[in-house]
1. Within the set of pairs 6+ apart or on separate chains, which have a first residue in the range A:620-647 that is closer than 25 Å to B:I97 by Cα, a second that is modelled with pLDDT of 90 or more and of a type in the set (D, E, K, R), and C-beta atoms under 7 Å apart?
2. Among the listed residues A:E168, A:E123, identify the single one that is in contact with a Leu (Cβ under 7 Å, 6 or more places away or on another chain), open to solvent by 30 Å² or more (accessible area, probe 1.4 Å), part of a loop (DSSP other than H, G, I, E, B) and among the charged types (D, E, K, R).
3. Considering each of A:T309, A:T292, A:T314, A:T319 in turn, give the residue that is surrounded by 14 or more Cβ atoms within 10 Å (Cβ to Cβ), assigned to a loop (DSSP other than H, G, I, E, B) and not assigned by TED's automatic domain parsing to the domain that holds A:M646.
4. Among the residues of the range A:303-326, count how many are touching a residue at least 12 places away in the same chain (Cβ under 8 Å) and of a type outside the set (G, A, S).
5. Scan the range A:15-38 for residues that are of a type in the set (A, V, I, L, M, F, W, C) and surrounded by 20 or more Cβ atoms within 10 Å (Cβ to Cβ) and jot them down.
6. Go through (1) closer than 22 Å to B:V104 by Cβ; (2) within 14 Å of chain B (Cβ to nearest Cβ) for A:G159 and report which single condition fails.
7. Would you mention how many residues in the range B:64-89 are within 12 Å of chain A (Cβ to nearest Cβ) and either open to solvent by 60 Å² or more (accessible area, probe 1.4 Å) or of a type in the set (S, T, Y) (or both)?
8. Just to be sure, is A:E475 surrounded by 15 or more Cβ atoms within 10 Å (Cβ to Cβ), among the acidic types (D, E) and on the phi < 0 side of the Ramachandran plot?
Amino acid sequence: MSKDELLTTKKSDLQEAVKIAEKGTHCGMCKIDFLGSGVCPAGKKHGFAAYWPEGRMEIVKALYSDKIKPTEELKRIANSCTVCGICDKQCNFTTHLRPEKVANALKEFVNKLDDKVFEKIPEDKTLQELRSIVGEKWVSNDPAIIVSYTKTIITPDAGVNFYVVMPETTEEVAEIVKYADKYNIPYLPRGNGTLLAMFIETLLAKAVSLEKGIIFDLRRLKKIEIDEDNKIAKIGVGVTAFALQKEAYKHGMRALVAEAEAHVCVNIASVGIISTWGNTYGWGSDNFTDATLVDSKGNIIHHSDEDLTNPYSTNNNFTNLTLTPSTIITEATVKLHPIFEDEEAVLVPFEKLDDALDLALELAKRNIGLSLAVISSKYLSEFICPTNDIAEDFEYIAKNYLKFNFMVDVVCDKYDKKVVEELADVIIDQKMMKTLILGSPRFASLKESEFLKILSEEKNPLKAIFAGPMKDHLEKALDPSPKQIAKVYDEDLQDFFEKVYSKPEMTDVVWLHAFRILPSRLMRQRMFMLRGGYIVADKKKIIELNNMLRTIGDKHKLSNALGFISFLENGKFAFVEYDYYFNHLDPDSHNRLNQAIVETLQMELKIKGLLPIEYVFHKGLFRKEHLFYPMPEGLSDDELKILGEMVQTVVGG
Amino acid sequence: MKFLSDEWIKTAKEITSEKLDPEKDLKKATTSLINVIDNIPPDGKSVYFYIAVKNGIITEMLLDQTGSLLEKDAEFVVTGNYDTFVQILKGEMGTLIALIKNRVKIKGDKVKALQFVKPMDKLNSCLREIETEY
């Protein structure tokens with residue numbers, strides 16, 4: 001039997017694993033210890049994406065589709081899995097997948113192969129040079145390593161003509177850039193790859209990805225130094241939001257961060273840190289005091305360098321659109337903020353966006369709420385429910401029976417809480433939120449309940465259930481407990497999840513806002529693409545934008561919903577995130593999404609006072625004042641025509 | 001023939017004059033630009049490639065290694081690495097993608113520059129017909 005015949009025979013064993021792997025969406029949560037389970041020991045030790053659960057998924061797909069052949073490195077990767085089960089626990093919480101089956105299948109497949117099939121990948125000059133900079137262990141041109149970066153920095157059709165390098169210091173990054181520049185080698189840096197994973201599924205794939213050259217995996221720059229006196233933290237680009245927040249909390253402070261798995265420096269340099277906490281902590285350069293960057297010639301730049309031309313300056317013209325970074329950020333000094341003992345999350349439910357905005361804008365203008373946003377019932381149900389099915393039924397009940405489509409979500413101190421209580425008819429407090437989180441499976445099971453149908457006919461069902469005597473009945477009926485929610489997980493994981501949900505933080509809404517471990521559930525076996533952007537905080541404009549995005553989503557048959565609306569500058573500006581959900585395994589779904597992206601962008605650009613999300617890319621290092629004051633006028637017909645041609649060119653590659 | 005050699009420039013002038021339609025392809029544009037091509041192997045030197053267009057007709061194509069062409073005060077200066085220009089000329093990457101990916105930098109009126117992206121892509125397609133050794 002030839003090598004190829006041998007491989008074909010054995011490959012059928014991977015079929016089941018491929019089915020699981022295809023559902024993976026690269027949320028990147030497996031790289032942070034957000035459940036106290038620890039993280040994949042092989043990934044922690046070896047670093048490259050290939051050694052983490054998400055990388056193994058890409059490898060299995062690549063082997064199955066003949067994109068790569070077995071190599072000696074592949075054998076090491078497969079056998080590095082200790083079958084400890086940590087990946088199953090983490091991934092099941094977020095995506096409801098069981099990636100250990102993939103790792104197991106890969107291990108079994110590799111170990112059934114004859115030694116003669118494993119190829120040794122030859123070294124070349126570039127590999128040797130990169131090794132001399134970062135050490136032998138931290139650079140590779142092995143196809144098994146390379147393919148593990150598919151969909152998080154390279155496209156599936158990009159081949160394997162790459163090097164992956166994992167530098168440990170800014171100086172190493174600079175040396176690599178100098179080398180790449182000298183020899184005309186393209187390169188692109190990567191944090192955890194989650195945002196790239198989203199964009200690579202769209203028409204922007206070619207513009208955001210790397211076509212060949214050097215992939216910078218920046219995970220090894222992990223420095224965190226907290227300066228308690230000055231309330232700042234110096235962090236390396238490999239530090240995740242979760243890691244920084246954990247460290248800041250130990251010192252009684254909080255950082256403004258994006259989703260738990262995101263790298264803080266990368267967020268700063270890319271889209272800024274868009275958060276509900278922006279109401280108090282701001283956006284863009286508001287949150288860092290210094291940054292270290294490596295420019296395209298390999299020079300190390302500090303934002304604090306006296307001879308640097310204003311590094312915070314930018315503009316919001318459409319010609320300033322850029323989809324890849326011009327520098328590599330390696331470090332930042334970020335501000336830390338105080339935590340108050342009396343902080344509490346208060347949620348005010350509404351049927352209409354109009355009414356929710358009235359309250360939220362009033363609070364934003366008066367600077368009430370450390371964190372403030374309007375969020376949709378879609379977000380609430382996706383975040384707190386442990387599976388997609390439960391989330392769907394939860395949302396159905398919220399919308400159809402309780403008339404609960406939106407809520408104003410405030411994290412506040414006791415003084416602000418009094419104001420919110422005075423202004424709101426009904427509030428959902430911390431205790432009720434705990435009930436809804438732990439009781440979400442049972443709540444979702446009430447979809448056919450006669451009681452809820454009768455309740456929905458009440459004049460104000462929200463008030464009846466959250467502010468009246470029904471409140472206690474609901475709490476009793478849901479029987480909220482860690483044991484109850486753990487039952488929705490596979491039997492072998494139930495004990496683990498009972499312990500997880502017994503931890504106070506898992507039902508502490510303030511903690512959940514600060515650590516942001518739940519948003520990755522939006523990528524639970526399907527993908528989403530965000531639309532919207534920054535807009536002057538005018539209620540009519542926000543509602544028009546929301547309606548336009550909904551109409552286009554519906555037209556292209558995409559599941560769609562408002563995500564959240566947060567506020568900046570004392571309620572002068574709002575950030576609107578509207579999401580289109582799509583099946584990443586269905587080409588038709590991709591096509592419809594791409595059409596919707598082009599159409600929404602064309603519409604958004606006509607709106608005076610709106611800065612579409614695309615304009616914010618790679619503007620996070622800059623002062624928001626340069627982007628918002630003044631907000632852009634809508635584009636002229638001539639400008640729209642140019643932009644239309646630009647989009648066509650980008651789509652065409 | 002060798003990319004950016006005298007022979008290549010001569011052929012480029014001939015082929016563009018023969019094959020590009022001033023109205024259809026070059027949109028009757030009047031402009032000038034200098035491509036600053038950095039890091040040319042093997043010694044990493046730079047080359048300045050000047051192109052002037054009047055009413056859609058290419059009137060000048062000049063090459064220089066000293067930077068003296070910068071004195072011609074072209075409307076646009078496009079700077080990038082040798083490999084990027086090669087990728088663009090080979091059709092592996094569009095001019096606009098190169099711009100969005102920060103592979104080339106443009107000095108000059110960017111709105112106007114974007115209007116020339118399509119004509120420039122036509123020019124590059126035409127130059128692609130030259131059998132070039134990079």
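1. The qualifying pairs are A:L627/A:K619; A:G634/A:K606; A:G634/A:K608; A:L635/A:K606.
2. Numbers: A:E123 fails: in contact with a Leu (Cβ under 7 Å, 6 or more places away or on another chain).
From the options A:E168, A:E123, the qualifying one is A:E168.
3. Working: A:T309 fails: surrounded by 14 or more Cβ atoms within 10 Å (Cβ to Cβ); A:T292 fails: assigned to a loop (DSSP other than H, G, I, E, B); A:T319 fails: assigned to a loop (DSSP other than H, G, I, E, B).
None of the others qualify; the one that does is A:T314.
4. At the first step, the residues of the range A:303-326 found to be touching a residue at least 12 places away in the same chain (Cβ under 8 Å) are A:303-304, A:311-318, A:320-326.
Still in the list and also of a type outside the set (G, A, S): A:303, A:311-312, A:314-318, A:320-325.
Of the residues in the range A:303-326, 14 are touching a residue at least 12 places away in the same chain (Cβ under 8 Å) and of a type outside the set (G, A, S).
5. In the first step, residues of the range A:15-38 are kept if they are of a type in the set (A, V, I, L, M, F, W, C); the result is A:17-18, A:20-21, A:27, A:29-30, A:32, A:34-35.
Result: A:A17, A:A21, A:C27, A:M29, A:C30, A:I32, A:F34, A:L35.
6. (1)
7. 3
8. On the way: surrounded by 15 or more Cβ atoms within 10 Å (Cβ to Cβ): yes; among the acidic types (D, E): yes; on the phi < 0 side of the Ramachandran plot: yes.
Yes, satisfied.
The values are calculated or read from the model by the stated rules, or taken from the named source; none is laboratory data. Bear in mind that the values here come from a model prediction, so they are computed numbers and not experimental data. Cβ sites come from the backbone with ideal geometry, for glycine too, and all protein chains shown count toward neighbours. For the accessible areas, the whole protein counts, side chains as well, though only heavy atoms, and no ligand, DNA or RNA atoms are used. Shrake-Rupley method; radii C 1.70, N 1.55, O 1.52, S 1.80 Å.
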